[in-house]
Every structure is written in structure tokens, then in C-alpha cells.
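**Q** Have a look at the structure that comes next, please.
Just so you know, all these numbers are worked out from the coordinates, no wet-lab data involved. Not measured: the values here are computed from a predicted model. Here the Cβ positions follow ideal geometry from the backbone for every residue, glycine too, while neighbour counts run over all protein chains shown.
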Amino acid sequence: MGKYVPYFRTHYVKFDNMHTMNPFKVPQGNFSLARYPQTKKETLRAWDAADEYLLQHLDKPDNTPDHTPRILIINDSFGALATALHTFKPTVQLDSYLAEQGLANNFHTNKVDMNAVTLLNSMEPLEGHYDLVLIKVPKSHAYLEDILYKIQPHINPQSKIIAAAMAKNIHSSTLKLFEKIIGETTTSLAKKKARLVFSSFTTNKITESPYPKQYELEIEDNTLTITNHANVFSREKLDIGSRFFLENMPQPRPYKTIVDLGCGNGLLGLVAAQQNPDAHIIFTDESYMAVASAKTNFQNAFGSSRAATFLVTDGMAGVEKQSVDLILCNPPFHQNHVVGDHLAWQMFNEAWAALEPDGEFWIVGNHHLAYHAKLKKIFGGYTVAASNKKFAVMFSRKPATKN
Ligand SMILES: C[S@@+](CC[C@H](N)C(=O)[O-])C[C@H]1O[C@@H](n2cnc3c(N)ncnc32)[C@H](O)[C@@H]1O
């Protein structure tokens, strides 16, 4: 029945205007940066005090190796570190498509050539030796653990490993990870509520990353083995919101195209595929690890008997307008450390645009997130398919013409 369509890196999407650029003044130069995606009333900057602290630290004469160092930057937010350090031609590894788009746009704005960096996604292997590894501490402890294991073969005891984060995001468990996997670890004083972590590879021992990890899931008389790469939502077990969604999925209809929007490990799309054997499923997520997990899980469930589309993208970008008759979504409520409903708004609007007339948008949400108000505003109404103490599964249907 056809082959898997590999997930792809869609084209860089240029900003249409620059209303949320902010001046980024660091010892390496004066730049202008913006987050991605851009919103009209953006109040947040593309970098934080931890980026500034790290760049100030690197500017001190003793702190950057004197020969031309090979630099690896991991989990940079919107290319802030890469923009400032582009003259070193660093390798930059990201799991987030949004961060990657932010980097590309910020390079463009600051007239930095994309060839100034080697850009790798989190599923691509590192190559060679690095003298300096800069890590922006991710929200997920598991992702940090995976990063530390994966850099081991590419460092030696002379390499400097420096991680940066807001102090509230550096816990004793964070430092223990560095000590266990890398070796001797110290921290800086806090500055503007940010802190640096310095580690050197004194363990000098290479251990394979324990990720991806798997768990077994009983669904509709089937046992599925679910594979999760390190930075995937609800990696250890099924999220309770997703479970409630799976128990209250739309009744099978002759759906042609179903999208699992923000698919994580792809369980919603996988179960929809089982329930709707003739539908084509599109999985989208902005995390490379999420889409890779969804692809593995789909492949394990269906072998080569069924084709599906896997997109690492922003929301529904890459899915044609008015081309889909069912969208399933357990919306994200944070972008890395930043909590907010901007991603949900964007996804709901894009879902509207991608649906055919009469198509349905199904979501699950914690009651306090009040997603029903957004559905009402965008679709003109909604139906609660199921509700318990914490969650509601709701859907909206796109009428033939918008009111
Ligand atoms: C709450 S999780 C749900 C994951 C999965 N559907 C489930 O129910 O287990 C939200 C997902 O949305 C993804 N996400 C966040 N922002 C996104 C964006 N702009 N475009 C696509 N996916 C995004 C996250 O990476 C995450 O996997």
C-alpha cells in the first residue's frame, strides 16, 4: 500500500515583519533577535539572562580556548548563542523546529550566512571532537541526560562543558546528572537570576544513552510497545489527558485524511489509524524526537502495509488548506520553559484553515485551560464529547462557510 513518506525539514519561513525584534547587546556584538513564531503582542525576548551570562563568561580571555576551538551548541533558543558566536563556525544541535526557524530568521536579520553553522537536528549524530560544548539546559531532565550521554564520545578531559540556565531551572538533580555522566562539576554565582554549570569529562567513560525507552500499552485488546525518544511528552507512561482522549475518540467514519497535530509519540494518530483502516494519517510535531518516535511506533504497529506522513513542522504548516476531515490534538501549553496559550491559539486557527467544510477538530484539555472558549471563538461552537473531573474531550465542526 505504498511507502512511508519520510519526515522532512520544511523550508525556512521568513518573518513577514519585524515587529518583535529586540536589541541583543553582548560582548561579541550588537544583534537584533526575535522569537519564533512571532506574535503581534510578544512580550518575551528570544534569549534570557543565562545566554547573556554565558556570552560574557566566554568573552573573558582565559575562558575560550586560544586555538580555534571546535564549538558545539545544544538547545540554543532561537539561535541567540549561535548568532553571537557565529565567527567560530559552531555546530548547533536542536530538537525544536521552532528554535531552528528562529535561528534561521535571526541569522537572516543579522546578515549571518547559514553556512556559518553546521545545523544538526537532535536525531542526527554528532561528529568529531569538541573543545567547547555549550548547553542551554532544556526543560526535560531526560533530554539533558540524553544530551550528556551523546556528547561523551565527542569530548575529552580537556574539553570545557558549560551549561546555562535560569537558576530556578538548575536543581540538585541537574548537577547530579552532570557529575554522574560527565564528571567534576561546579556552578557559578547567580547573576540576574541566571547560573552557569561548568563540567569536565573526568569520568572519561563512555556509556550509551538509555534513550529511546519503551513502555507497553494495552489498547483495545492489543498490546502496543511504545517507543519514546528522550524529549518526548509523557515519555514514561501514557499521559492521563491522552488516555481520556483515547477512551473517547470520534466514532469511525469514512475519514480520508486524519491529522495528529502535535503528535508527541503519535498514539492518538496510531489509534485513529487502527479505528479507520482506510484513512491516511498525517503526524505533525515541532520536535524531531517526537516525530521520530511517532514514526517508529506507526511502523511497529503496521509494518510496511500502511503509508503515513510524518512532518517536523510548525503546527499545520505543510498540510494543505481545506484538505483534511479530522484533526486530533492534545494542545501544548508550554514552549520550552515558557508557559502560555499562544501555541494553542495558533494550532486552533490553523486547524480551522486545514479542515474541509464539515471537517472536525477534536481536542482534549484540562478544564482550567478553558479551550472551549477558543473553539467557540474560532469555530462558532463546540460539543463536549466526554468530561471527567479534570479533562474534557471536545470537538468543533467546520461549517460549510464561516459565519
Ligand atoms: C501535550 S503534548 C501532546 C502529545 C501527544 N499528542 C499526546 O497526546 O501524548 C503537545 C505536543 O505538541 C508539540 N508542539 C508544541 N508546539 C508545536 C508546534 N508549534 N507545532 C507542532 N507541534 C508542537 C509538542 O512537541 C508536544 O509533543
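**Q** Report the normalised scattering of the stretch 29-133 as log10 I(q)/I(0) at q = 0.16, 0.18, 0.23 Å⁻¹, calculated by the Debye formula with identical scatterers on the alpha carbons.
**A** Values returned for q = 0.16, 0.18, 0.23 Å⁻¹ are -0.69, -0.87, -1.37.
**Q** Turning to a different aspect of this structure: What are the lysines whose alpha-carbon lies under 20 Å from the alpha-carbon of Lys213, with same-chain residues fewer than 8 places away excluded?
**A** Qualifying lysines at Cα under 20 Å: Lys139, Lys150, Lys180, Lys237, Lys295.
**Q** Quick check on the exposure proxy: order Met347, Met249 from fewest to most C-beta atoms within 10 angstrom.
**A** Met249, Met347
**Q** Which order do His280, His229 fall in if you start with the one that has the fewest other Cβ atoms within 10 Å?
**A** If I rank by nearby Cβ atoms, fewest first, I get His280, His229.
**Q** So if I take the centroid of the Cα atoms in the stretch 186-230 and the same for the stretch 29-55, what is the distance between those two points in Å?
**A** 26
**Q** Related question: Could you check which residue among Ala99, Ala317, Ala164 shows the biggest mean-square fluctuation in a GNM of the chain with a 10 Å Cα cutoff?
**A** So, out of Ala99, Ala317, Ala164, the one fluctuating most is Ala317.
**Q** Ranked from highest to lowest mean number of other Cβ atoms within 10 Å per residue, what is the order of the peptides 115-122, 48-55? Let's see the in-between values first.
**A** On the way: 115-122: 17.9, 48-55: 23.0.
Packing order, densest peptide first, comes out as 48-55, 115-122.
**Q** So if we plug the beta-carbon distance of Glu42 and Thr223 into 1/(1 + (r/R0)^6) with R0 = 56 Å, what FRET efficiency do we get, rounded to 0.05? Kindly include the intermediate steps, with their values, before the conclusion.
**A** Values: r = 45 Å, r/R0 = 0.81.
Given R0 = 56 Å and the Cβ-Cβ separation, E is 0.80.
**Q** Here's another thing I want to ask about it. Give the dimensionless ratio obtained when the Cα radius of gyration of the stretch 139-248 is divided by 2.2 N^0.38 Å.
**A** Relative to the rule-of-thumb radius for its length, the stretch 139-248 sits at 1.35.
**Q** Right, another one. Cut-off is 10 Å between beta-carbons; in what order do Ile181, Ile219 appear when sorted fewest neighbours first?
**A** The order, fewest Cβ neighbours first, is Ile219, Ile181.
**Q** Name the long-range amide H neighbours of Val26: under 5 Å, sequence gap of 5 or more, or other chain; modelled H, no Pro or chain starts.
**A** Placed amide hydrogens put Phe31 under 5 Å from Val26.
**Q** Can you give me the relative contact order of the stretch 213-397 as a percent, contacts being Cα pairs under 8 Å and 6 or more apart?
**A** In percent, rounded to a whole number, it is 18.
**Q** Then there is this: Classify the stretch 22-199 as rounded, prolate or oblate from the Cα gyration tensor: take a ≥ b ≥ c as the square roots of its eigenvalues, call it rounded if a/c is under 1.5, otherwise prolate when a/b beats b/c and oblate if not.
**A** Here the stretch 22-199 falls in the rounded category.
**Q** How large is the translational diffusion coefficient of the stretch 304-403 in µm² per second when you combine the Kirkwood radius over alpha carbon pairs with Stokes-Einstein at 37 °C and 0.692 mPa s?
**A** Details: Rh = 14.3 Å.
This corresponds to a translational diffusion coefficient of 229 µm²/s.
**Q** Right, another one. Hey, what number do you get for the chain at 222 nm if only DSSP H runs of n ≥ 4 count, each worth -39500 (n - 2.57), divided across all residues, to the nearest 500?
**A** -7500 deg cm²/dmol
**Q** Regarding the chain, what's the average projected area of the Cα-atom convex hull, expressed in nm²?
**A** Details: hull surface 81.0 nm².
Its average projected convex-hull area is 20.2 nm².
**Q** Separate question: Looking at the square roots a ≥ b ≥ c of the eigenvalues of the Cα gyration tensor of the stretch 213-397, which shape do they give, rounded for a/c under 1.5, prolate if a/b is larger than b/c, or oblate?
**A** On the way: a/c = 1.35, a/b = 1.21, b/c = 1.12.
Here the stretch 213-397 falls in the rounded category.
**Q** Does anyone have the angle between helix 97-109 and the longest principal axis of the chain? Alpha-carbon axes, 0 to 90°, nearest 10?
**A** Tilt relative to the chain: about 60 degrees.
**Q** Report the relative contact order of the chain, percent, no decimals, based on alpha-carbon pairs under 8 angstrom and at least 6 residues apart.
**A** Relative contact order for the chain comes out at 13 percent.
**Q** Still on this structure, please answer the following. In Å, what Rg and Dmax follow from the Cα atoms of the stretch 89-157?
**A** Radius of gyration, then largest Cα-Cα span, for the stretch 89-157: 12.9, 37 Å.
**Q** Measure nothing fancy, just the Cα-based angle from helix 172-181's long axis to the longest principal axis of the chain, in degrees from 0 to 90, nearest 10.
**A** It is inclined by approximately 70 degrees.
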